[in-house]
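Novice: One structure follows; several queries about it will come next.
The values are calculated or read from the model by the stated rules, or taken from the named source; none is laboratory data. This is a predicted model, so every value here is computed, not measured. The protein model used for the area step is the full one, side chains on, heavy atoms only, and it has no ligands, DNA or RNA in it. Shrake-Rupley method; radii C 1.70, N 1.55, O 1.52, S 1.80 Å.
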Amino acid sequence: MAPAKISASRVDGICTAIRRAIIERALAPGDKLPEDALGERFGVSRTIARQALGQLAAEGLVDLRRNRIAVVATPTFEEARDTFDIRVELERLVVKHLAGRLTRDQADELNAHIAKQDKAAAGPEAASIRLATDFHVLLARMTGKPILIRYVSEVAYRSGLSLTLYGRPHSPKCAVDEHRNLVKSLVGGDREEAMRLMTGHLEAVAARAFLPDGDAKAKTLIEILAPYVDG
């Protein structure tokens, strides 16, 4: 593999790990992301770590401050609400495109994912949160529309960051039931119903949100990111 491709792969690996840590609420808004600690954790140079932080900053997940200090972004309440409003409109486009067009393999893949969510509901909250977010990214990817995929993915992760700051405890059963109904409407080809269900689902997620969690964190960045290095 060419050096440029290796570098890009390492950057993507760091970004994927940090996104997942944010979604699973292992990293919280305001947590510092030192280049040297990231380099040590992922076995890369500070240059690679800096590139990854720059990409995450472009996605709105990281704030780059003076003296090259990077922290997990802290969205305002208004920004969090705006993120959900934008997400609703984007994901309405997703289901509008997919209604009546899902292949059997795609429907099977979505139902298999929902089965994973159902199974995870009895376990750690972090897994349920990640799987719920992944469901929406999976739907977007099934459209085959690169721009829509990119924007939905970014806004889904930004929503996860907002929920870390303002969210109530995740409700896995609600997510599973709402996702299952969405897939049924897509398979049935009812475009208007699919858009209505998506709107209701995301509005319900927002309505279940916006209460801060005051739990203190004592772990170091290296400890936090340990489970995400290889996965």
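Novice: Helix 125-141: angle to the longest alpha-carbon principal axis of the chain, degrees 0 to 90, nearest 10?
Specialist: Tilt relative to the chain: about 70 degrees.
Novice: With the full set of protein chains in place, find how many percent of the accessible area of region 39-79 is carbon and sulfur; take the probe as 1.4 Å. Walk me through the numbers before you get to the answer.
Specialist: Details: 1130 of 2440 Å².
C and S fraction of accessible area: 46 percent.
Novice: If you don't mind, another one. Can you compute 3J(HN,Hα) from phi for each residue in region 31-47, using the Karplus curve 6.51 cos²θ - 1.76 cosθ + 1.60 with θ = phi - 60°, rounded to whole Hz and x for Gly and Pro?
Specialist: Computed from phi, the couplings for region 31-47 are 5, 6, 10, x, 4, 5, 5, 5, x, 5, 5, 9, x, 10, 6, 5, 5 Hz.
Novice: Using the 2.2 N^0.38 Å rule of thumb for compact globular proteins, work out how the chain stacks up: its C-alpha Rg over that value, please. Mind showing how you got there, number by number?
Specialist: Values: Rg = 17.9 Å, N = 231, 2.2 N^0.38 = 17.4 Å.
Cα Rg divided by the expected 2.2 N^0.38 Å: 1.03.
Novice: Sticking with this structure for a sec: Kindly report the accessible area of region 85-212 per residue (heavy atoms of protein chains, probe 1.4 Å, no ligands, DNA or RNA), in Å².
Specialist: So region 85-212 comes to 48 Å² accessible per residue, rounded to a whole number.
Novice: Here is a further query. Counting only the heavy atoms of the protein chains, how much of Asp63 is accessible to a 1.4 Å probe, in Å² to the nearest 10?
Specialist: 60 Å²
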